[in-house]
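J.: One structure, pasted below without further comment.
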Amino acid sequence: MMNYMEMRVDNAFVLYSYAIFAAVSGEEDWDEIKDYVNRARRAEDIRRRRCGNKLTAGEYDIASCAFHLEAVSNDGDTCSGGESCHNLALCQMLVHQDYKSARMSFLRALKQSKNNKTLSSNYNVLLQDEAYLNLSHTVQEEFWRSLHKKDAYF
C-alpha cells in the first residue's frame with residue numbers, strides 16, 4: 001500500500017503560504033519551513049515543465065504584490081506595520097530569495113515592533129543560517145547600525 005507522503009500532490013501556493021504562516025506564528029521549526037519551501041519550488045518546476053516553460057509568472061507573484069501593498073499601506077502604523085513588514089520580509093526571503101529586500105523589510109518591521117521575539121528570531125535565521133546569508137552578526141547589531149549609520153549593510 002502506498003503511503004500518504006508518496007501520494008501527495010504539492011501546490012506551490014499553499015506550501016509557500018504555510019511556510020510564511022509557520023515562520024510568523026512560530027508553529028514549525030526552520031527545518032520544516034525550509035522543507036515546505038523546497039517542495040513549493042519543486043512543484044513550481046513541475047508546473048512549468050508541464051506548461052512547456054511558457055509560464056513567466058510564479059505561483060506567488062500576486063500574493064507577493066499584496067504583501068508589498070499591505071506593508072506600504074501600513075508603513076508607520078505601529079499596530080500593524082511591523083507585522084505587515086515581517087510578512088513581506090518572509091515572502092521576499094522564502095519565496096523570491098531576495099535577501100537584500102528581506103533585510104530591509106525586516107529592519108522596517110523591527111523599527112515598528114522592537115520587542116517581537118518571533119520577528120527577531122526569523123531575522124536571525126536570515127542573517128545567520130547557512131542556507132541564507134550566513135553572516136556572523138546578530139539582529140541587535142544590524143538594528144543598531146541601521147539607526148546610527150545610514151545604509152550600513154545595503
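J.: Determine the sum of side-chain charges near S136: Lys and Arg each +1, Asp and Glu each -1, restricted to other residues whose C-beta is under 13 angstrom from that of S136.
T.: Once positives and negatives cancel, what remains is -4.
J.: Give me the 1.4 Å probe accessible area per residue for the stretch 88-154, excluding ligands and nucleic acids, in Å².
T.: On the way: 3560 Å² over 67 residues.
Value for the stretch 88-154: 53 Å² per residue.
J.: Let me ask something else about it. At R0 = 25 Å, how high is the FRET efficiency between R47 and S101 if r is their beta carbon distance? Nearest 0.05 is fine.
T.: 0.55
J.: From largest to smallest, what semi-axes in whole angstrom does the stretch 20-148 give when each is the square root of 5 times an eigenvalue of its alpha carbon gyration tensor?
T.: Ellipsoid semi-axes (Å, largest first): 27, 17, 13.
The values are calculated or read from the model by the stated rules, or taken from the named source; none is laboratory data. Predicted model only: the values in this text are computed from it and were never measured. Neighbour counts are summed over all protein chains in view; Cβ atoms, including those assigned to glycine, are modelled from backbone coordinates with ideal geometry. With ligands, DNA and RNA removed, areas are computed over all heavy atoms of the protein, side chains included. Shrake-Rupley method; radii C 1.70, N 1.55, O 1.52, S 1.80 Å.
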